[in-house]
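For reference, the structure discussed in these notes is given below.
The values are calculated or read from the model by the stated rules, or taken from the named source; none is laboratory data. From a predicted model like this one, the values you see are computed outputs, not experimental measurements. Counting neighbours? That spans all protein chains shown, and the Cβs are built from the backbone with ideal geometry, glycine included.
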Amino acid sequence: MANNGRRSVKAKKGPTIGTGGHGRKALEGKGPTPKAEDRPYHKAHKNKQLAERSAAKRPGAARGTGARSGPKGRATEEVVTGRNSVVEALRAGIPAKALHVAIRIEMDDRVKESLKLAAERGIPLMETGKPELDRMTDDAIHQGLVLQIPPYEYQDAYELAEETLASWKRGHVANAPLFVALDGITDPRNLGAIIRSVSAFSGHGVIVPERRSVGVTASAWKTSAGAAVRVPVARAANLNNTLKAFKNMGIYVLGLDGDGDVSLPDLSLAKEPVCIVVGSEGKGLSRLVRENCDQIVSIPIDSAMESLNASMAVGISLYEVSRQRAAK
């Protein structure tokens with residue numbers, strides 16, 4: 001039959017008027033690709049499950065062990081990694097929460113000694129998978145050994161001073177209260193050395209500010225050579241306010257600075273309750289701290305030397321205070 005010269009047009013596939021767009025869902029696809037750790041067949045998923053199971057086995061453990069943040073963002077926990085560092089930390093008697101040992105670790109003398117020291121001190125030994133060790137250490141080189149350090153329990157600066165003064169007045173403490181306050185010092189090795197000097201010269205505590213200051217870390221513990229067990233470290237919410245409170249309590253505040261108005265050998269307040277304040281080697285005492293000092297004391301040194309290391313300056317000052325206190 002003739003079509004009168006017209007060509008037939010084939011209807012196109014797809015939704016037509018009145019279908020409601022039944023093919024729309026097919027065009028949307030399956031969405032973004034899931035993360036590797038969320039894909040059951042992926043290796044990352046298995047590692048994640050292993051890490052979660054390992055964390056769940058530890059009493060009181062929470063995900064994210066290692067360097068964690070506490071109130072006001074301060075670190076509450078840290079880890080010591082690597083065979084040399086771990087065995088040295090254990091030798092120094094640093095308090096430890098647990099020793100994590102890699103599954104099927106290759107034994108050497110350092111590993112054997114670490115296990116022996118941990119067992120002697122009653123530190124829990126945890127056999128931990130490599131993925132979990134990597135996570136705990138933020139992928140640092142751990143060599144299969146990770147020592148978990150508990151947070152240091154700081155005293156309150158005002159309460160420490162008040163208790164020490166009361167003990168001294170009752171005769172329970174032989175020497176007048178002697179404290180060292182740190183202004184702007186951020187190197188934990190300086191803190192550790194200062195704690196050691198305070199212990200050596202019968203001091204009663206170290207005061208550190210809450211902000212922009214060093215804290216008692218594993219490095220500080222190690223440098224103190226065990227003195228951190230004997231000397232309390234207290235935190236001050238505001239160092240200037242704390243120094244003002246000390247002065248009101250009858251504690252003299254002495255700042256160490258190269259341009260002091262009193263030379264250390266001429267110090268006349270050594271036998272009184274004293275708080276020695278030391279600043280960083282580069283910047284020295286801050287302006288406000290300097291204004292809150294009763295005296296600025298300088299240590300006589302050769303003019304060729306610009307300044308002394310903070311811990312060295314504290315050690316020399318504490319020696320002089322101790323010498324004067326011992327003199328009849």
> Is segment 84-102 home to any residue that is assigned to a loop (DSSP other than H, G, I, E, B) and farther than 19 Å from A218 by Cα?
Replying inline: no
> From the list E281, E291, E272, which residue is within 27 Å of the chain's Cα centre (by Cα), among the acidic types (D, E) and in the same structural domain as R211 (by TED's automatic domain parsing)?
Replying inline: E281
> Looking at (1) surrounded by fewer than 17 Cβ atoms within 10 Å (Cβ to Cβ); (2) part of a loop (DSSP other than H, G, I, E, B), can you tell me which one K112 breaks?
Replying inline: (2)
>> For the list (1) modelled with pLDDT under 95; (2) surrounded by 15 or more Cβ atoms within 10 Å (Cβ to Cβ), I need the number of the one condition that A161 fails.
In response: (1)
>> Just to verify a result, which residue in segment 116-171, among those that are polar (S, T, N, Q) and outside any strand (DSSP E or B), is farthest from V229 (Cα to Cα)?
In response: Q143
> Got a number for residues in segment 172-189 being in a strand (DSSP E or B) and under 24 Å from Q324 (Cα atoms)?
Replying inline: 5
> Which one is nearest to V146 (Cα to Cα), of the residues in segment 173-184 that are surrounded by 23 or more Cβ atoms within 10 Å (Cβ to Cβ) and among the aliphatic types (A, V, I, L, M)?
Replying inline: L182
> When both residues are 6+ apart or on different chains and their Cβ atoms are under 7 Å apart, which pairs have a first residue that lies in segment 297-324 and is farther than 17 Å from V262 by Cα, and a second that is modelled with pLDDT under 95 and hydroxyl-bearing (S, T, Y)?
Replying inline: A310/S280; S322/S202
> Does any residue in segment 244-264 that is farther than 7 Å from I296 by Cβ come within less than 8 Å, Cβ to Cβ, of a residue that is crowded, with 18+ Cβ neighbours inside 10 Å and of a type in the set (F, W, Y) six or more places away or on a different chain, and which pairs are these?
Replying inline: F246/F179; I251/F179; V253/F246
